[in-house]
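For reference, the structure is listed below as structure tokens.
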Amino acid sequence: MKRARTRQVEKNNAFSANEGACAALWAIDRRRRHPGYHSHEALTEKLTEINEKCPDISTVYSIGQSVEGRELLVIHFSSTPGSHEILKPEMKYVGNMHGNEPVGRELIIRLADELCNGFKNKDKEIISLLNSTSIHLLPSMNPDGFELALETPAAERQWLTGRANANGLDLNRDFPDLDGVFYALEERKVPKFDHLMELFDESKERQPETVAVGRWILSLPWVLSANLHEGDLVANYPFDATPNEAPSKYSASPDDGTFRWLAQTYAQAHAHMAKNDHPPCDGTTRDAFAQNGGITNGAKWYSVAGGMQDFNYLATNAMEITLELSCEKMPAGATLPQLWEDNKKAMFEYMWKIHSGVKGEITDATTGEPVADAAIWVMNGTATLPIKHAVKTSETGEYYRLLPVGTYELLVEADGYEMARKNVTVTNKVRDQAMLVNFALVPEEASEPVMDELQLDQELEELPLNLPENMSPFLL
């Protein structure tokens, strides 16, 4: 009996050894089939390695887990990593939302390496960027889908293999459809244009990746963002969804000019996106984006409801665009070094745009205390009405408003204060600092708002929008 048990133990040990060897061989085989791509394990190790190499300017944190339990890891770069510094703007890059589109994932890893190495090598531009900017990098929003795509041989991988999460759902259709709320309010001429989550009835069960990223989006005073995809070569800007569920139609956001300018920034700095040196990805003239400077309005291309890009804009102060970075999905790993060279300049130029426009602090003129939730409206040039999108101050009273060069009037309103106005000329000549415009608001019990609050309240009561007793899981 003792011998039998010994043989069984030896047999089990041999099986475990063989199992481990098979796993190692499988990992090697995956690397051979997709050289250059980081598995989730390799991604985790890489971010940890970068953080350990540059602990003074980076920290790694998780915002949640995927369906299959993989951590959604973010590496944060700043001169004060792990914390928000007043008047230091927050930006993010999000990659791999669709699991079979991992070019952005790899570019973000390379960007993290570049920031760390630049700091270590005392690169003046990178040190200036880190001193003035808080940069959050999420290489993979959909690690489960990516692992499926990675494990599928290229010859067997279909256009949609690994696109969805492990529950088979497209994460870029899973965010609250705030476009629908915006269009409903617009149709009824209700003067409510931004921060629309409070009007959204969250009855749908969201995917864990969506909830994790949604809470993250709502947790910080984001200013600028980009979502990295592949399947074409173009910088896509809001709105992504059309009114009345039309399949495609140019659907301008209130900040259409600013979004076009942001998209052009990336496209023009990219090695090919804005140049007529490549054929359209789909081979047709309809999507010859280079002829339009390498940019497109999302809804004009095709309508997407429940997308992350428009959620950022309509739920928060953040301005996000979507970057399509390769005609081919999951191209050969050997192409990744060139794709990095094609995008490197553009990724940095886009980050620098966070220091455009104006920023400042809103305080109480009597006490000097910060005024939270104040609305900052922008009047463009000789316009008679403000742009229909206000940014709100954080709990610390700070605000940021991205704007291209121009002359504007800023109007600030907050409950219990007189409205304040200032005229500004934005030049954007300082690369690492937006124009500083502070306001000290004078307390007053009754002040006339920019938008008629009484009208707003009356109109909202008549809207067929269900205000939830229990708020969205995004807000928990």
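Beyond 20 Å, what share of the Cα-Cα pairs of region 304-412 remains, rounded to the nearest whole percent?
In whole percent, the share of Cα-Cα pairs in region 304-412 beyond 20 Å is 58.
I need the Debye-formula profile for region 356-410: one equal scatterer per C-alpha, no solvent, reported as log10 I(q)/I(0) at q = 0.15, 0.17, 0.27 1/Å, two decimals.
Debye intensities relative to I(0), on a log10 scale: -0.45, -0.56, -1.05.
Return one whole number: the accessible area per residue of region 219-319 in Å², for a 1.4 Å probe.
Values: 3480 Å² over 101 residues.
Heavy-atom SASA per residue in region 219-319 reads 34 Å².
Along its three principal axes, how long is region 118-239 when you only count alpha carbons? Whole Å, largest extent first please.
Principal-axis extents of the Cα atoms in region 118-239, largest first: 54, 46, 27 Å.
Return the loop-located trypsin sites (Lys or Arg not before Pro) in region 364-434 (DSSP other than H, G, I, E, B) with at most 15 other Cβ atoms within 10 Å of their own Cβ; answer none if there are none.
429, 431
For the chain, what is the percent of antiparallel DSSP beta bridges, rounded to the nearest 5?
In the chain, approximately 60 percent of DSSP beta bridges are antiparallel ones.
Once you charge only the Cβ atoms, +1 for Lys and Arg and -1 for Asp and Glu, what is the size of the charge dipole of region 118-266 about its Cα centre, to the nearest 20 debye?
Dipole about the Cα centre, nearest 20: 500 debye.
Determine, from the Cβ-Cβ distance of residue 327 and residue 156 and an R0 of 22 Å, the FRET efficiency 1/(1 + (r/R0)^6), rounded to the nearest 0.05.
It comes to 0.60.
If I histogram all Cα-Cα distances within region 70-187 using bins 5 Å wide from 0, what percent of pairs lands in each bin?
With 5 Å bins starting at 0, P(r) equals 2, 11, 16, 16, 14, 12, 12, 10, 6, 2, 0, 0.
Using the heavy atoms of the protein chains and a 1.4 angstrom probe, tell me the accessible area per residue for region 380-436 in square angstrom.
Per-residue value: 52 Å².
Quick check on the chain: what are the equivalent-ellipsoid semi-axes from the Cα gyration tensor, as sqrt(5λ), descending, whole Å?
Semi-axes, largest first: 42, 25, 24 Å.
Assuming R0 = 22 Å, what is the FRET efficiency of residue 48 and residue 113, from their Cβ-Cβ distance, to the nearest 0.05? Walk me through the numbers before you get to the answer.
Working: r = 13 Å, r/R0 = 0.58.
After rounding to 0.05, the efficiency reads 0.95.
What residues from region 401-417 fall in the zone where the backbone N is under 13 Å from a label point 7 Å along the Cα-to-C-beta line of residue 423?
Output list for this probe position: 407-410.
Looking at the chain, identify the longest residue range that excludes and avoids all chymotrypsin sites (Phe, Trp or Tyr not before Pro) in DSSP loops having at most 16 other Cβ atoms within 10 Å.
303-476
Find the relative contact order for the chain and round it to a whole percent, using C-alpha pairs within less than 8 Å whose residues are 6+ positions apart.
16
So what is the 222 nm mean residue ellipticity for the chain from helices alone, if each DSSP H run of at least 4 adds -39500 (n - 2.57) and you divide by all residues, rounding to the nearest 500 deg cm²/dmol?
So the helix-based figure for the chain works out to -10500 deg cm²/dmol.
On full extension of the chain, what length is gained from residue 432 through residue 122, given 0.36 nm per residue of separation minus the C-alpha to C-alpha distance?
Numbers: separation 310, 0.36 × 310 = 111.60 nm, distance 1.71 nm.
Roughly 109.9 nm would be gained on extension.
Before I look further, what does region 42-155 give for accessible area per residue, probe 1.4 Å, in whole square angstrom?
Per-residue value: 33 Å².
Given a 1.4 Å probe and every protein chain left where it sits, what share in percent of the accessible area of the chain is carbon and sulfur? Provide the component values of the computation, followed by the final result.
Values: 10620 of 21280 Å².
Solvent-exposed carbon and sulfur of the chain make up 50 percent of the total.
Pop a pseudo-label 7 angstrom from the Cα along the beta-carbon direction at both residue 201 and residue 187 and give the gap in nm to one decimal.
1.5
So what's the Cα pair-distance distribution over region 192-315, bin width 5 Å, in %?
Histogramming region 192-315 at 5 Å steps yields 2, 10, 18, 22, 20, 14, 8, 5, 1, 0 percent.
How high is the relative contact order of region 90-217? Use alpha-carbon pairs under 8 Å, at least six apart in sequence, and give a whole percent.
27
The values are calculated or read from the model by the stated rules, or taken from the named source; none is laboratory data. Keep in mind the model is a prediction, meaning the values are calculated, not measured. With ideal geometry, Cβ positions are generated from the backbone for all residues, glycine too; neighbour counts draw on all protein chains shown. The area values use the complete protein model at the heavy-atom level, side chains included, leaving out ligands, DNA and RNA. Shrake-Rupley method; radii C 1.70, N 1.55, O 1.52, S 1.80 Å.
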